[in-house]
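The values are calculated or read from the model by the stated rules, or taken from the named source; none is laboratory data. Since the model is a prediction, treat every value here as computed from it, not as a measurement. Here the Cβ positions follow ideal geometry from the backbone for every residue, glycine too, while neighbour counts run over all protein chains shown. Each accessible area value is taken on the protein alone, full model and side chains, heavy atoms only, with ligands, DNA and RNA left out. Shrake-Rupley method; radii C 1.70, N 1.55, O 1.52, S 1.80 Å.
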Amino acid sequence: MRVERPDTAINWLARPKVAGLLTALQRDRRPLNHQVLDELPASKTLAHLRSVLVATGALPVRDERLVDLERWIAATIQARSDPTERQILHSYGIWHHLRRLRQRLDGTHTTRLQALNVRCHLIAAIHLLDWLTTHGRALTTCTQTNLDDWAAAGHSRRGETAHFVRWAVAHKHARGLALSTIGWHGPAGPHDTEKRWDDARRHLHDDTLHIADRVAGLLLLLYPQRVSTITQLTTDNIHDDGQTMTMSFGHVPLQLPELVAVLVRELVATRKGSTIIKTTDTDTDSWLFPGRRPGQPLSDHRLGQRLQRIGLHPGQDRSTALFALATELPAAVLARILGIYIKVAVAWQHAASGDWTAYAAERSQRTP
């Protein structure tokens, strides 16, 4: 382990909360592992100490967000008094959402948005069950009229609730129910697209903005990447031969325009996390957007806040950019270069009214 600013490191270790935590661990005669730390009260100090131990090799790497999510789901389900509801929520939360999440991770770590998505879906299901209980109904006896009354009351999380209803019908926990959702159908008008290009020009030329914010903003506006994807980028995603630079989001590397490449080179050369501890492991020091915790990237929540502070709206701006690209590129190409699922690319293409399948069929019937 290599420690920078030793006086700062010593001061951090001497803080009362840290010192108390280290004393408690010293008194515990068991070998130090994640299970021992899990028995201690959760706190930011404990989370930071765990990340230090992982970064220095004292503890193995673990997906902390996934562990926290599993613990939260188990506690939330156990808190339900109705055994039938516990069974339904167990199937929905663990066998449906957690199983799908693990399949999607495929060895990577859970992002904040992925964990939040599962939580929101389970909370929405619980709110609907609670509403039905207060109105003398259960999920198995819920009618379409009851569901329409719930929708008319203006409850939040309509999309997540609609997903739970579809799942419940498919798994025979309910019958004959349908809840429509309100989707995003593209930019509200030309001003959305104009703002996108104005923001892109500002990120290219405004030297008063932090270099990390400029690069992250451009990746959002030009190559509509999720904030959670941007924070996971490393130097391995970049290939630079000194003349041209490519960046990989999906299966096909994209060549960056020179103005963007200049900013990315500057970021690679100057990037620096705010943690006081640096590891000698080059894999943990390769994050394009390093964070506060040793060996960890900048959190997607923090990056999202920084982008909002400089005038971006990550969700809406990414949707506008993706909508624009879907009108110009076939779904297969869009999926390969942006690293998104082909079904998602097809859905965006249809939303943008750019059906390349129909276009190809029409071209094949043209007379040479």
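Tally up the residues in segment 216-247 that are assigned to a loop (DSSP other than H, G, I, E, B) and not polar (S, T, N, Q), please.
As a first pass, look at segment 216-247 and keep what is assigned to a loop (DSSP other than H, G, I, E, B): 222-226, 231-233, 241-244.
So of that shortlist, the ones also not polar (S, T, N, Q) come out as 222-224, 226, 233, 241-242.
Adding up the residues that qualify gives 7.
Could you say whether any residue in segment 88-103 is at negative phi, in a loop (DSSP other than H, G, I, E, B) and among the basic types (K, R)?
Step one: of segment 88-103, the residues at negative phi are 88-103.
Adding the requirement that they be in a loop (DSSP other than H, G, I, E, B) leaves none.
No, segment 88-103 has no match at all.
If only one of H251, H239 is modelled with pLDDT under 85, open to solvent by 10 Å² or more (accessible area, probe 1.4 Å), of a type outside the set (V, I, T) and within 25 Å of Y341 (Cα to Cα), which one is it? So that I can check it myself, show each step before the final result.
Details: H239 fails: modelled with pLDDT under 85.
Matching residue, one of H251, H239: H251.
Taking segment 136-175 as the region of interest, how many residues are part of a loop (DSSP other than H, G, I, E, B), farther than 16 Å from T84 by Cα and open to solvent by less than 70 Å² (accessible area, probe 1.4 Å)? Spell out how you get there, then give the answer.
Here is the first cut: in segment 136-175, the ones part of a loop (DSSP other than H, G, I, E, B) are 136-138, 142-143, 153-157, 171-175.
This time we only want the ones that are farther than 16 Å from T84 by Cα, so: 143, 153-157, 175.
If we keep only those that are open to solvent by less than 70 Å² (accessible area, probe 1.4 Å) as well, we get 143, 153-154.
So the count comes out to 3.
So which of D198, D213, D207 ends up being within 30 Å of V268 (Cβ to Cβ), modelled with pLDDT under 95 and not in a loop (DSSP other than H, G, I, E, B)?
Values: D213 fails: modelled with pLDDT under 95; D207 fails: not in a loop (DSSP other than H, G, I, E, B).
Only one candidate passes the filter, namely D198.
Scan segment 301-317 for residues that are open to solvent by 30 Å² or more (accessible area, probe 1.4 Å) and of a type in the set (D, E, K, R) and jot them down.
Within segment 301-317, the subset open to solvent by 30 Å² or more (accessible area, probe 1.4 Å) is 301-302, 305-306, 308-311, 313, 315-316.
Once the filter is applied, which keeps residues that are open to solvent by 30 Å² or more (accessible area, probe 1.4 Å) and of a type in the set (D, E, K, R), segment 301-317 yields R302, R306, R309.
In segment 66-93, which residues are surrounded by fewer than 16 Cβ atoms within 10 Å (Cβ to Cβ) and either among the aliphatic types (A, V, I, L, M) or touching a helix residue (DSSP H, G or I) at 6+ places or on another chain (Cβ under 6 Å) (or both)?
V67, A74, A75, A79, R86
Can you tell me which residues in segment 36-65 are under 15 Å from L25 (Cα atoms), open to solvent by 50 Å² or more (accessible area, probe 1.4 Å) and in a helix (DSSP H, G or I)?
Answer for segment 36-65, where residues must be under 15 Å from L25 (Cα atoms), open to solvent by 50 Å² or more (accessible area, probe 1.4 Å) and in a helix (DSSP H, G or I): just D38.
Give me the pairs: first residue in segment 192-217 and closer than 21 Å to L288 by Cβ, second residue open to solvent by 70 Å² or more (accessible area, probe 1.4 Å), beta-carbon distance under 6 Å, and six or more apart or on different chains, which are they?
Close Cβ pairs satisfying both conditions: L204/L259; I211/E266.
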